[in-house]
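Let me begin by presenting the structure, written as structure tokens, before commenting on it.
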There are 2 protein chains.
Amino acid sequence: MQYSSSSIEALIDAFSRLPGVGRKTARRLAMYVLQQPRLEAERLARALIDVKDRVIRCSVCQNVTDREEDPCSICTSQGRDRTVICVVESPVDVLAFEKTGHYRGLYHVLHGVISPLDGVGPDDIKIRELLGRLSPEGIGGVREIVLALNPTIEGETTSLYLSRLLKPLGVEVTKIARGIPVGAELEFIDEATLSRAMEGRSAV
Amino acid sequence: MQYSSSSIEALIDAFSRLPGVGRKTARRLAMYVLQQPRLEAERLARALIDVKDRVIRCSVCQNVTDREEDPCSICTSQGRDRTVICVVESPVDVLAFEKTGHYRGLYHVLHGVISPLDGVGPDDIKIRELLGRLSPEGIGGVREIVLALNPTIEGETTSLYLSRLLKPLGVEVTKIARGIPVGAELEFIDEATLSRAMEGRSAV
């Protein structure tokens, strides 16, 4: 069923291409935009174009950053521990760690994980750039690489690949702990996590 | 917590102003836009501006329509019953009726309902325009007005107001039936709806 306006249809189409937005939600969003002042629609439109125009990947850590700020603010920060690099899958993961306010090292964003089924090999993600940071000509001085990939088959595969690649370079390779989330109840934790928690037990 | 890019923050802000979109969803949408080709972002941006530039309200029925098509396609259609006008609250309601493919009359969109608590009086919604369509100088020939407002306090108030206003003009005023939705089970229907269904019973 079509609205009496092709512009509205086009907007509904565009909205429904976003992840998690179906036709009904798209219709609701379009109706909302219609009722809002023009300024609101322009604000979103400008932000969309801006993000494509101005956001680039940091030439060092590959995280997203503004065009005017390359290397990014984390890579250039004087207050961070430059001997540790935390390797993550995507920019949202950097944000997740930054929110903890606990980790003070640097990052490296792979923009994906090795996934042969999807045709993603080691050369398709930012592994070469990571190696570049460890070479003597690179920033150097890196003591530890923390692998913080998602606990999926692909994430584990990538972790394994990276650890085999990095260890010969004389750098310490670690992996973030798998275990019981804070606040969870043992009763409801799946077997795989429980086993990993048991394996990873530490002295108190 | 801020991303390392102000453009991304601006986009997240803009997305999170949409109804039903929180910070987390907005962040996910922004990340999606970042990963998509520029064309996709432009498509949504253009659709947003377009809808504000090109969509107007039909001068007859007040439904949304393209600037080049006023009166709208329903108002100008030769295949519709011009003696019946269905009064609805918003453009989405027109779409809902059109989807049934059953109703063949015209529409009138009020763009709201009378709601004293929100400071919305009869003059703030498109009642004057509806009266204009019934005047001898208007299109005329209207035999019946079907009130199809939402079954809320405000909707009922507006229906009552309209029926008192319209009946003296010699036009038949009807209201869509309240009753058991098709496919529902009596057991789970609320009391108010059941009472209305009983009141509105008809001979078989």
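Where a number appears in this text, it was derived from the coordinates with a stated rule and is not lab data. Because the structure is predicted, anything quoted here is derived from the model rather than measured. Quick reminder, even Gly has a Cβ in these numbers, built from the backbone with ideal geometry, and neighbours come from all protein chains shown.
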Q.
In 10 Å bins starting at zero, report the fraction of Cα pairs in segment B:72-175 per bin as a rounded %.
A. 15, 51, 31, 4, 0
Q | Candidates per trypsin sites (Lys or Arg not before Pro) in segment B:136-204, loop by DSSP, up to 10 other Cβ within 10 Å | A | B:ARG201
Q. Okay, helix-only estimate at 222 nm for chain A: each DSSP H run of n ≥ 4 adds -39500 (n - 2.57), divide by all residues, round to 500 deg cm²/dmol; what do you get?
A. -12500 deg cm²/dmol
Q.
Rounded to the nearest 20 debye, what is the charge dipole size of the protein assembly as shown about its Cα centre when +1 sits on each Lys and Arg Cβ and -1 on each Asp and Glu Cβ?
A. 340
Q: One decimal, nm, shortest first: give the distances between the label point of A:ARG104 and those of the same position in the other copies, each label point 7 Å from Cα along Cα→Cβ.
A: 7.8
(Q) Defining the label point at 7 Å along Cα→Cβ, can you sort the distances from B:ARG38 to the same site in each other copy, shortest first, in nm? (A) 2.6
Q. Which value, in debye to the nearest 20, gives the size of the charge dipole of segment B:72-175 about its Cα centre, when Lys and Arg are +1 and Asp and Glu are -1 at the Cβ?
A. 400
Q: Can you list the distances in nanometres, one decimal and ascending, from the B:GLY121 label point to the identical position in each other copy, with the point 7 Å along Cα to Cβ?
A: 7.5
Q. With charges set only on the Cβ (+1 for Lys and Arg, -1 for Asp and Glu), what does the dipole of chain A come to about its Cα centre, in debye to the nearest 20?
A. 320
**Q.** the protein assembly as shown: projected area of the alpha-carbon convex hull, averaged over directions, in nm²
**A.** 29.8
Q) Between A:ASP53 and A:TYR32, what FRET efficiency comes out of the Förster formula 1/(1 + (r/R0)^6) with R0 = 25 Å and r the beta carbon distance, rounded to 0.05? A) 0.45
Q. How far apart, in nm, are two points set 7 Å out from the Cα along the Cα-to-Cβ line at A:THR100 and at B:SER77?
A. 5.9
(Q) In the protein assembly as shown, if the dipole is taken from +1 on Lys/Arg beta carbons and -1 on Asp/Glu beta carbons about the Cα centre, which of B:ALA30, A:THR76, A:GLY112 is farthest to the positive end? (A) A:THR76
Q | Kirkwood hydrodynamic radius of segment B:27-75, from inverse mean 1/r over distinct Cα pairs, in Å | A | 12.6
Q: Mind checking the full-extension length gain between B:GLU156 and B:LEU169? Use 0.36 nm per residue of separation minus the Cα-Cα distance, one decimal, nm.
A: 2.6 nm
(Q) Where in chain B is the longest stretch that carries no GluC sites (Glu not before Pro) classed as loop by DSSP and with at most 12 other Cβ atoms within 10 Å? (A) B:69-136
Q: Taking just the C-alpha trace of chain A, give me its Rg and Dmax in Å.
A: 21.8, 69
Q) Using a Gaussian network for chain B with springs between C-alpha atoms less than 10 Å apart, which of these wobbles most: B:PRO71, B:PRO91, B:PRO181? A) B:PRO181
